[in-house]
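Where a number appears in this text, it was derived from the coordinates with a stated rule and is not lab data. These numbers come from a predicted model, not from an experiment. Virtual Cβ from ideal backbone geometry, glycine too; neighbours counted across all protein chains shown.
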Amino acid sequence: MKNTIVPDTNQIVPAGNPKIEVFEIIGGLSGNRALEIQFSLYRCLDEGKCYQVIDLEHVNQIDGLGIAILEKFLSRGLQIRLINVKPEIKSVIRMAKKDSLFQIIYNEKDRNSAVSLFEKDIAQKKIIPGDSVFKKRHHIRINTSFPVEFKFRRNRETISGRANILNLSEGGVLAGGIVVMKENTEEPVRYPGMVEQDICDMKFKLNGDSTSLVMQGRCVREFIQENSVYAGIRFKDIRHDQKETIRFFVNAHR
C-alpha cells in the first residue's frame with residue numbers, strides 16, 4: 001500500500017518494520033522540487049516518523065539547496081539512509097565537500113535489503129552525523145482551511161496578497177494558493193517571490209470565531225507545486241493574547 005504525501009509522484013511506502021518508511025522521490029532534489037521534499041520531511045518530523053529510507057532511483061539532479069535540506073533534517077535528528085544514489089548525484093555531493101553524507105548512503109538497490117540494514121543500524125545505535133536529540137518543530141501544528149489577506153513590500157511597492165491557511169501553529173502558518181495584486185487597484189500581478197520578506201497585516205478569522213486576528217510575520221520559505229504558490233510564514237511580534245487565542249484553537253482541534 002502506498003500513501004501519497006504531496007500531490008505529485010513522490011511516494012512514502014510503509015516498510016516491513018513499522019518504525020521505518022521508504023520515501024521514493026521522483027524528479028530532481030533541487031530548486032522548488034527540493035522545497036517540496038522539505039515540506040514532506042517536515043511532516044515526517046511533526047508526526048514522529050524519524051526513520052526514513054530515501055530512494056533516489058528516479059533522481060538525476062541535486063543542488064546546494066537539496067544538500068542543505070538533507071543536512072538540516074539530519075541535524076534535527078531525522079534518521080535518513082539514501083539508496084540508489086546515481087554517480088552524478090555522488091559527484092555533486094563530493095564537489096560540495098559534504099563527505100559526511102556518504103555515511104548515510106547504502107549500496108543496496110533493493111528496498112527490503114536496505115530496510116534490513118537500517119534495522120541493524122538502529123539496533124546497534126549507529127548515529128548519523130549531527131544527530132543528538134530528535135527535534136520536532138517547536139509548536140503543535142494542525143491542518144486548516146480558511147482565507148487570509150496580507151501585504152508585503154517588493155521593489156519599493158506594496159503588494160497585497162490572498163491565500164488559504166493550510167496549517168497553523170503558535171509559530172506561524174503554511175499558506176497555499178497565493179494570489180498577489182497591486183494594493184490599490186487589486187490588479188493581479190506576477191508573483192515576485194516573498195521569501196525573507198516581512199509580511200504585514202495578515203488578517204484571518206479562526207473557524208467559528210467572529211474575531212479577526214491581525215498578525216505580523218516573515219516569509220521563511222516558499223515553493224511552487226502544480227502551479228500553486230505556497231509559503232511558510234513565521235509570526236513575529238506576536239502579542240500574548242494572540243498567542244493564547246491560537247494555542248486554544250490548536251489544542252481544541254488536535
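Label separation (F248 vs M181): 3.3 nm, computed from points 7 Å beyond Cα along the C-beta direction. Indicate the gyration tensor shape class of region 138-254 (rounded, prolate or oblate), computed on the Cα atoms with a ≥ b ≥ c the square roots of the eigenvalues: a/c under 1.5 is rounded; otherwise a/b larger than b/c is prolate and the rest oblate. Prolate is the answer for region 138-254, as a/c is 1.5 or above and a/b outweighs b/c. When both bridge partners sit in the chain, DSSP labels roughly 80% of those beta bridges antiparallel. Pairs from the list K49/K236; K151/K205; K72/K120; K182/K205 with a Cα-Cα gap above 18 Å: K49/K236; K72/K120; K182/K205. Partners of K86 within straight-line reach, counting aspartates and glutamates whose Cα lies under 19 Å from its Cα and excluding those fewer than 8 residues away in the same chain: E24, D55, E57, D63, E71, D99, E108, D110. List the residues whose amide H sits under 5 Å from the amide H of N167, counting only those 5 or more places along or on another chain, with H placed 1.01 Å from N in the peptide plane. Result for N167 returns T144, L174. Comparing R94, R234, R156 in a Gaussian network model of the chain, where Cα atoms under 10 Å apart are tied by springs, the biggest mean-square fluctuation is seen for R156. Put simply, the amide H of Q61, placed in the peptide plane, has neighbours under 5 Å in L29, leaving out anything fewer than 5 places away on its chain.
What value, in deg cm²/dmol to 500, does the helix sum -39500 (n - 2.57) over DSSP H runs of n ≥ 4 give at 222 nm once divided by the residues of the chain?
-8000 deg cm²/dmol
Ranking N184, S145, V92 by how far each Cα lies toward the positive end of the dipole of the chain (charges on Cβ) leaves V92 at the top.
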